[in-house]
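Comments concern the structure below.
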Amino acid sequence: MRVNGTPGVSIGHIRQEGLTLPDEDLLRQIVEASGQSDPDEALNQLMPLMEAVLNAEPPLLRKAYAADMTFAVETSSVQVKEATFEWLSNAPAHTKSSVKGLTAPSSLLHALLDLTLPPLHMDMAFESRSTGAASHKTASISAAGMGALDCEVKLNEKPGTNAVEDLLTQSFSDFSLKYKDEGLTAWLGLNISTNVPQAVGALEALAALPGVRAGQQNDAIRRSLQTFAARPGSLEIQTTPGRTALVLDLIALLDNPGMLLTVTAKPGEHALKEQMETLRMTFEAIQAVSSGQ
């Protein structure tokens, strides 16, 4: 696919499975609504019809698969080995999706993020189960040489009169985030400064949570973050089990995270200073190449 004469997207292989067309009566209604002379009236009629199509059981499409994809971004490109979307059910709603072998060069990461990082090699997986307004979502992301992240949360949506109200009235519970560091913290530290003691000091200062009030729970969070900053290993963040909170409550966490969160850390094998010293020459080489492009 070309955009303004320039190659934009290329896909080596596409496969679709389990296509189920809507019944004849619904298709006729869609055709009739599409033929309305008034665009607003056509849209008003089409919206509930398309919602019916998307909520039908069995789903419209069971599985979509694409492989060997290349996307032009800036002056470089992103490659994806394979991507899969599975629409398992609508009653209850259940979907899975994954991206494997997503790669991007360091120069592109620098252009997009203004950070010096190693070439990206990433895998991602997502799953969502919903019954009515309640849903359970999970995500898993791993990047070679940087880290692995697993996250899950339960959401309860309360419809509002607009998108902002929808967001503010949404509640969540049983949030869990688990992160295993494989070098990302050291890379971020070097982006602060290649003077390792100075960068380590800056990260230790951040881990001390200077803007957070004192208190038993907050002090426990502070100690866990300081443990992780000293020897990056694993970090786990959880909400109080069974407790439901509004998205709006997240504002209060800025100076009092202990009201809702617990944070635990396990130190890694190597100190942050040691990791940064090991990576510094590689960092400076990548930085020189990326900055010169």
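Scanning region 27-59 for residues that are in contact with a Leu (Cβ under 8 Å, 6 or more places away or on another chain) and either over 19 Å from residue 16 (Cβ atoms) or open to solvent by less than 70 Å² (accessible area, probe 1.4 Å) (or both) gives 29, 30, 33, 34, 49, 52, 53, 59.
Matching residues to (1) in contact with a Gly (Cβ under 8 Å, 6 or more places away or on another chain); (2) among the small types (Gly, Ala, Ser); (3) at pLDDT 90 or above:
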residue	(1), (2), (3)
21	no, no, no
30	no, no, no
33	no, yes, no
57	no, no, no
60	no, no, no
65	no, no, yes
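Scan region 240-273 for residues that are exposed (fewer than 13 other Cβ atoms within 10 Å of the Cβ) and either over 25 Å from the mean Cα position of the chain (by Cα) or under 22 Å from residue 197 (Cβ atoms) (or both) and the total you get is 1.
State whether one or more residues within region 60-78 are open to solvent by less than 30 Å² (accessible area, probe 1.4 Å), free of Cβ contacts under 8 Å to residues at least 40 places away in the same chain, within 22 Å of residue 173 (Cα to Cα) and outside any helix (DSSP H, G or I). The answer is no; no qualifying residue exists. Within region 217-224, identify whether any single residue is under 23 Å from the mean Cα position of the chain (by Cα), surrounded by fewer than 19 Cβ atoms within 10 Å (Cβ to Cβ), more than 30 Å from residue 106 (Cα to Cα) and of a type outside the set (A, V, I, L, M), and answer yes or no. Within region 217-224, not a single residue is under 23 Å from the mean Cα position of the chain (by Cα), surrounded by fewer than 19 Cβ atoms within 10 Å (Cβ to Cβ), more than 30 Å from residue 106 (Cα to Cα) and of a type outside the set (A, V, I, L, M). When every residue of region 31-45 is checked against the conditions, none turns out to be in contact with a strand residue (DSSP E or B) (Cβ under 9 Å, 6 or more places away or on another chain) and not aliphatic (A, V, I, L, M).
Highlighted here are the strands (runs of 3 or more DSSP E) found entirely within region 198-273 that include at least 2 residues which are of a type outside the set (A, V, I, L, M) and free of Cβ contacts under 8 Å to residues at least 60 places away in the same chain: 261-266.
Considered as a group, the residues in region 146-162 that are open to solvent by less than 40 Å² (accessible area, probe 1.4 Å) and out of contact with any Leu (no Cβ under 8 Å at 6 or more places or on another chain) include one that is modelled with the lowest pLDDT, and that residue is 155. Taking first residues from region 89-117 that are closer than 29 Å to residue 285 by Cα and partners that are loosely packed, with under 15 Cβ neighbours inside 10 Å and acidic (Asp, Glu), the Cβ contacts under 6 Å between residues at least 6 apart in sequence or on separate chains come to 111/74. The set of residues from region 108-143 being under 22 Å from residue 97 (Cα atoms) and more than 16 Å from the chain's Cα centre (by Cα) comprises 129, 130, 131, 132, 133, 134, 135.
Select, from 107, 135, 140, the only residue that is hydroxyl-bearing (Ser, Thr, Tyr), over 30 Å from residue 27 (Cβ atoms) and touching a Leu at 6+ places or on another chain (Cβ under 8 Å).
140
Scanning region 218-238 for residues that are farther than 14 Å from residue 185 by Cβ and out of contact with any Leu (no Cβ under 8 Å at 6 or more places or on another chain) returns 219, 220, 223. Can residue 284 be described as in contact with a helix residue (DSSP H, G or I) (Cβ under 7 Å, 6 or more places away or on another chain) and open to solvent by 30 Å² or more (accessible area, probe 1.4 Å)? Criteria not met by residue 284.
Kindly check whether there is at least one residue in region 163-177 that is surrounded by 16 or more Cβ atoms within 10 Å (Cβ to Cβ), in contact with a Cys (Cβ under 7 Å, 6 or more places away or on another chain) and more than 24 Å from residue 289 (Cα to Cα). Looking through region 163-177, at least one residue is surrounded by 16 or more Cβ atoms within 10 Å (Cβ to Cβ), in contact with a Cys (Cβ under 7 Å, 6 or more places away or on another chain) and more than 24 Å from residue 289 (Cα to Cα).
The values are calculated or read from the model by the stated rules, or taken from the named source; none is laboratory data. Values in this document were obtained by computation on a predicted structure and should not be read as measured data. Quick reminder, even Gly has a Cβ in these numbers, built from the backbone with ideal geometry, and neighbours come from all protein chains shown. Accessible surface areas use protein heavy atoms only, side chains included; no ligands, DNA or RNA. Shrake-Rupley method; radii C 1.70, N 1.55, O 1.52, S 1.80 Å.
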